[in-house]
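Asker: Starting off with a structure, shown below.
The values are calculated or read from the model by the stated rules, or taken from the named source; none is laboratory data. As the structure is a prediction and not an experimental result, all values here were calculated from the model. Heads up, the Cβs are rebuilt from the backbone with ideal geometry, glycines too, and the neighbour counts pull from every protein chain shown. SASA here: full protein model, heavy atoms, side chains in, ligands and nucleic acids out. Shrake-Rupley method; radii C 1.70, N 1.55, O 1.52, S 1.80 Å.
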Amino acid sequence: MTQAVSSPEEFRGACDAARARGHRVGLVPTMGALHEGHLALVRAAKERAAFVVVSIFVNPTQFGPNEDFAKYPRDLAGDVEKLGLARADLVFAPDRKAMYPDGEETRVHVGALAASLCGPFRPGHFEGVATVVTKLFALTGASVAVFGKKDYQQLAILRRVARDLFLPVEVVGHPIVREADGLAMSSRNAYLTAEERKKALALSRGLASATRAFDAGERRAAVLRGLARTEVDAISTSVDYVDVTTPDGLVPFADDAVVGDRALLAIACRVGTTRLIDNVILGEDPAPSP
Ligand code: PAF
């Protein structure tokens, strides 16, 4: 049974003690409602660190006023059980007051990496993510932290935060874990009705179609984007973006541009009322199957 603690002091003490025993600390930050994608992050952390800690915290500062903070799925007991089976060493499940005590006011400002993709649609989101993850880096003193590539922009921003603030943590990105039919795993998939779940396959189908075109030599940004967009337009309630960007700076390619050897193709749209995201790195990732 994996132990769960809720106080930051206790959490920091357990991480300090592990380091004093000569162990590297590995961190997997989550918001809970864990699925196989999260457990893959834990396994990846276990390969890199002897003492792996998983935080479960639905972080209020990364949700906008009209987003799903209140209804975000929560299942602490189920999560702790899954983390026991995945052999996580410690779970940190603080409450809001513990992470944001009265009077706290410091935020980690993020720059141009937040200007594209989800940034304009979720004002303040990445500042909230960067702030809470920096707190977790500080509490754990982790040598390595593992994040899923489904939140590709988040990963890019957190890498930059670690680099810019000289934080002694290696930020590792883990490939997207998909269901057998191609749907990217997400805690928010739990919101989908059976019919919406079928419609949601348009995201991975659109990415697959663009990936196949890229692999066959297509480099026109508008064509690659269009292939994904056609699939997504057919099923979405609304589309925030289907964008092709540079893979590191996340700068969108103009319609008349030609992409290089690698490019990010990313989607955010609503299926019913659920906002879903997905992406591929063209030139690097295989086409999502089937
Ligand atoms: O990816 C998530 O679940 C969250 O954004 C994270 C990294 C745990 C920060 O709250």
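Asker: Charges only on Cβ, +1 for Lys and Arg, -1 for Asp and Glu: so what's the dipole of the stretch 68-113 about the Cα centre, in debye to the nearest 20? All intermediate terms of the calculation are to be shown ahead of the outcome.
Answerer: On the way: 7 positive and 9 negative charges, 25 e Å.
In debye, rounded to 20, the stretch 68-113 gives about 120.
Asker: Moving on to the next point. In the stretch 189-272, carbon and sulfur make up what percent of the accessible area (probe 1.4 Å)? Show your work: numbers first, answer last.
Answerer: Working: 1930 of 3710 Å².
Carbon and sulfur: 52 percent of the exposed surface of the stretch 189-272.
Asker: Tell me the relative contact order for the chain as a rounded percent, counting alpha carbon contacts under 8 Å between residues six or more apart.
Answerer: Values: 552 pairs, mean separation 50.2, N = 290.
The value is 17 percent.
Asker: Tell me, what is the per residue accessible area of the stretch 1-116 in Å², probe radius 1.4 Å? Could the numbers behind the result be given before it?
Answerer: Values: 5880 Å² over 116 residues.
For the stretch 1-116, the solvent-accessible area averages 51 Å² per residue.
Asker: Give me the percent of the accessible area of the stretch 1-116 that comes from carbon and sulfur atoms, probe 1.4 Å, all protein chains in place.
Answerer: Working: 3060 of 5880 Å².
The nonpolar share, carbon plus sulfur, comes to 52 percent.
Asker: Considering only C-alpha atoms, what is the centroid distance from the stretch 13-30 to the stretch 138-178, in Å?
Answerer: Computed from Cα coordinates, the inter-centre distance equals 16 Å.
Asker: Let me ask something additional. Which residues' amide hydrogens lie under 5 Å from the amide hydrogen of Asp278, considering only partners 5 or more residues apart or on another chain, with H built in the peptide plane?
Answerer: Those lying under 5 Å, H to H, from Asp278 are Ile267.
Asker: Using θ = phi - 60° and the Karplus curve 6.51 cos²θ - 1.76 cosθ + 1.60, what whole-Hz ³J(HN,Hα) does each residue of the stretch 68-77 get, with Gly and Pro shown as x?
Answerer: Working through the residues one at a time gives 9, 3, 5, 9, 3, x, 10, 8, 4, 4 Hz.
Asker: Additional query: Would you mind putting 3-11, 87-95 in packing order, based on average other-beta-carbon counts within 10 Å, highest first? Kindly include the intermediate steps, with their values, before the conclusion.
Answerer: Values: 3-11: 15.6, 87-95: 19.4.
Descending mean neighbour count gives 87-95, 3-11.
Asker: Under the classification rounded if a/c is under 1.5, otherwise prolate if a/b is larger than b/c and oblate if not, where does the stretch 197-236 fall, given a ≥ b ≥ c as square roots of the Cα gyration tensor eigenvalues? Write down the numbers at each step before the final one.
Answerer: Details: a/c = 4.58, a/b = 1.92, b/c = 2.38.
Verdict is oblate for the stretch 197-236.
Asker: Also, I was wondering about something else. Any chance you could give the angle, 0 to 90 degrees and rounded to 10, that helix 152-164 forms with the longest Cα principal axis of the chain?
Answerer: With both axes taken from Cα atoms, the answer is about 50 degrees.
Asker: Give the peptides 102-110, 255-263 in descending order of average Cβ contacts within 10 Å, highest first.
Answerer: Those peptides, ordered most packed to least, come out 255-263, 102-110.
Asker: If you find the alpha carbon centre of the stretch 80-110 and of the stretch 202-274, how far apart are they in angstrom?
Answerer: A separation of 34 Å, based on Cα centres.
Asker: Let me ask something additional. Which of the residue pairs Lys150/Lys198; Lys46/Lys150; Lys135/Lys198; Lys46/Lys198 have a Cα-Cα distance greater than 31 Å in the structure shown? Numbers along the way, then the final one.
Answerer: Values: Lys150/Lys198 19 Å; Lys46/Lys150 20 Å; Lys135/Lys198 38 Å; Lys46/Lys198 34 Å.
Pairs exceeding 31 Å: Lys135/Lys198; Lys46/Lys198.
Asker: Here's another thing I want to ask about it. At 1.4 Å probe radius, can you tell me the per residue accessible area of the stretch 226-290 in Å²? Don't skip to the answer; put the middle values down first.
Answerer: Details: 2710 Å² over 65 residues.
Here the per-residue accessible area is 42 Å².
Asker: Give me P(r) over the stretch 132-267, computed from all C-alpha to C-alpha distances, binned every 5 Å, as integer percentages.
Answerer: P(r) for the stretch 132-267, in whole percents per bin: 2, 9, 17, 18, 17, 15, 11, 8, 3, 0.
Asker: Let me ask another. Show the residues, 5+ positions off or on another chain, whose built amide H is closer than 5 Å to the amide H of Phe57.
Answerer: Under 5 Å from the amide H of Phe57: Thr30, Met31, Gly32.
Asker: Report the rotationally averaged projected area of the chain based on its alpha-carbon convex hull, in square nanometres. The partial results should precede the final answer.
Answerer: Working: hull surface 59.7 nm².
Computing the convex hull of the Cα atoms and averaging its projections yields 14.9 nm².
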